[in-house]
Ligand code: ARG
């Protein structure tokens, strides 16, 4: 919590008969100059005191005793009590706190002892890891880091799509048209090509569909040759996914995919039947959800096959038993909203109280300019190609801007990948993202490179100064640029609280843009290395060191690295 807001709430709580948390909610941050840095409206108190709000404001101000260090002045203006922050105290306190806590600055322990399961990424084998799964991966990864930062134990699960009728199709296609060498060379893409070919051929020859269903059934029954192929496809695909995760710097605690639940399904189905919530409809086993006005969950088809939803019910129960989570998040596109509504309702009527701890975290589509995605038609863009392109484009920019940079390749990776992650995360997740190369790589735009560059610039200034900063006096910093920057830094923890509450990394991303802008404004107006007064120079160096730390902490919560030179 902003330290100064806490202080203001604390003073007020001595005079006003409401809860301190409520006071914090009521305290406003005026946009206009001359109305204080924080303002408390007294309207809410009129009833209790039976007085006009301006009078209440005046009486409180008149009776205020000593103000805390962070507050320099309190005055009543109409119905408001306006508080002014003691700038130099705030700056000094904030800077000291950041430099003292370092990588932990902004973190909390509110999650101590609690476990959160986050289900994210989950690409489908035999279909490519398309750019569509990128959103889930980066949003999920950021939510992972944000929870961890607040002390939660986090379990990241990659619920790989490694089961389902598509395997019947790919195995049929491979048997008919497949080639081992090509499979080894580029498995994900090759399996996808086979998948596309299958659909093309099936349009001419509908019997193929039946054949694929038959093959999938054999796979489910454990027919040796089918299982062997499935294993091979899965292994090769996972190896390739892992290369992508490595590039993105994303890790998981579990790769238990859909297939893992295959032999647990009978138990789950029996449990659900024993609870009396299932019925047979046209030969299929379903959970009727008519009373909630949503379509039924299909548990088992007439031919005995289970479905995506069955596996998710099974997985949820398994995870509760295994991790005893306090919260479980599913980071999955909004096109699956109905699926999760059905899933949670089914858990609810089955009497699993913890259904209310499960939450779908939806997001919109990710599109390239002028392109729609369809797995079947083959118009998909491959994520690894996108990542390589980002690295290459960034390398070109670096060659132009800073050809002597020592570790160009590594920096190009950090910046290129960062640009993609940020290009996604800086948008509100529920909205669709239109992906535009020029925009996301613009070093002066609202991008990762802009934030990273601000950080690298700070590192470079600190390198040039070298040596300890022993002499510094925060009270010499009097400009709005310095104060604005410090205030922004002091607000970091509030921002992360908001991001956690709304499960929106975009809140952190927007904050970092603001912080980087505040820094650049400051740097444009206030000399640092060239400042002649040593104590002021020292203070400014401290302030930018704190800024650099917060930029780095924030980027890391998005899963983005912060190179020291670029
Ligand atoms: N593999 C699925 C898809 O691509 C996403 C899985 C999400 N997680 C889950 N537990 N349903 O559509």
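The values are calculated or read from the model by the stated rules, or taken from the named source; none is laboratory data. Since we're looking at a predicted model, the values are computed, not measured. Note: ideal-geometry Cβ built from the backbone for every residue, glycine included; neighbour counts use all protein chains shown.
Some values worked out for this structure:
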item	result
So residue 407, is it outside the structural domain of residue 362 (by TED's automatic domain parsing) and either over 26 Å from the mean Cα position of the chain (by Cα) or surrounded by fewer than 16 Cβ atoms within 10 Å (Cβ to Cβ) (or both)	yes
Criterion (under 21 Å from residue 432 (Cα atoms) and out of contact with any strand residue (DSSP E or B) (no Cβ under 9 Å at 6 or more places or on another chain)) met by exactly one of 335, 321	335
Residue 125 more than 30 Å from residue 55 (Cα to Cα), touching a helix residue (DSSP H, G or I) at 6+ places or on another chain (Cβ under 7 Å) and touching a residue at least 40 places away in the same chain (Cβ under 8 Å)	yes
Qualifying residue in the stretch 269-289 (condition: under 29 Å from residue 365 (Cα atoms), within 16 Å of the ligand (Cβ to nearest atom) and touching a residue at least 40 places away in the same chain (Cβ under 8 Å))	no
Answer residue from the stretch 488-503, given it is touching a residue at least 24 places away in the same chain (Cβ under 8 Å) and out of contact with any helix residue (DSSP H, G or I) (no Cβ under 7 Å at 6 or more places or on another chain) and is farthest from residue 362 (Cα to Cα) among those	491
Residue pairs meeting the criteria (Cβ under 6 Å; at least 6 apart or on separate chains; first part of a loop (DSSP other than H, G, I, E, B), in the stretch 431-445; second loosely packed, with under 12 Cβ neighbours inside 10 Å)	436/369
Hits in the stretch 183-192 - residues which are without any contact (Cβ under 8 Å) to a residue 60 or more places away in the chain and assigned to a helix (DSSP H, G or I)	183, 184, 185, 187, 190
Qualifying residue in the stretch 164-171 (condition: crowded, with 19+ Cβ neighbours inside 10 Å, within 16 Å of the ligand (Cβ to nearest atom) and outside any helix (DSSP H, G or I))	yes
Odd one out for residue 73, checked against (1) exposed (fewer than 15 other Cβ atoms within 10 Å of the Cβ); (2) farther than 22 Å from residue 482 by Cβ	(2)
Residue ID - farthest from the ligand (Cβ to nearest atom), chosen from residues in the stretch 296-321 that are in a helix (DSSP H, G or I) and surrounded by fewer than 18 Cβ atoms within 10 Å (Cβ to Cβ)	321
Output for the stretch 322-340, where each listed residue is away from the ligand (no atom under 13 Å from the Cβ) and part of a helix (DSSP H, G or I)	322, 323
Any hit, the stretch 465-472, residues being assigned to a helix (DSSP H, G or I), in contact with a helix residue (DSSP H, G or I) (Cβ under 7 Å, 6 or more places away or on another chain) and in contact (Cβ under 8 Å) with a residue 60 or more places away in the chain	yes
Residue match in the stretch 16-32 (condition: surrounded by 14 or more Cβ atoms within 10 Å (Cβ to Cβ), farther than 30 Å from residue 478 by Cα and either within 16 Å of the ligand (Cβ to nearest atom) or in contact (Cβ under 8 Å) with a residue 12 or more places away in the chain (or both))	yes
Qualifying residue in the stretch 58-71 (condition: in contact with a helix residue (DSSP H, G or I) (Cβ under 9 Å, 6 or more places away or on another chain) and within 25 Å of residue 498 (Cα to Cα))	yes
Candidate set from the stretch 347-363 (those that are within 15 Å of the ligand (Cβ to nearest atom) and touching a helix residue (DSSP H, G or I) at 6+ places or on another chain (Cβ under 6 Å)); member that is farthest from residue 137 (Cα to Cα)	347
Any hit, the stretch 123-133, residues being part of a helix (DSSP H, G or I), within 19 Å of the chain's Cα centre (by Cα) and within 11 Å of the ligand (Cβ to nearest atom)	yes
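Residues checked against (1) surrounded by fewer than 22 Cβ atoms within 10 Å (Cβ to Cβ); (2) in the same structural domain as residue 422 (by TED's automatic domain parsing); (3) farther than 27 Å from residue 26 by Cβ; (4) free of Cβ contacts under 8 Å to residues at least 40 places away in the same chain:
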{"residue": "41", "(1), (2), (3), (4)": "yes, no, no, yes"}
{"residue": "45", "(1), (2), (3), (4)": "yes, no, no, yes"}
{"residue": "49", "(1), (2), (3), (4)": "yes, no, no, yes"}
{"residue": "56", "(1), (2), (3), (4)": "no, no, no, yes"}
{"residue": "107", "(1), (2), (3), (4)": "yes, no, no, no"}
{"residue": "141", "(1), (2), (3), (4)": "no, no, yes, no"}
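Table: residues versus (1) within 11 Å of the ligand (Cβ to nearest atom); (2) at pLDDT below 90.
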| residue | (1), (2) |
| --- | --- |
| 88 | no, yes |
| 92 | no, no |
| 96 | no, no |
| 108 | no, no |
| 111 | no, no |
| 136 | yes, no |
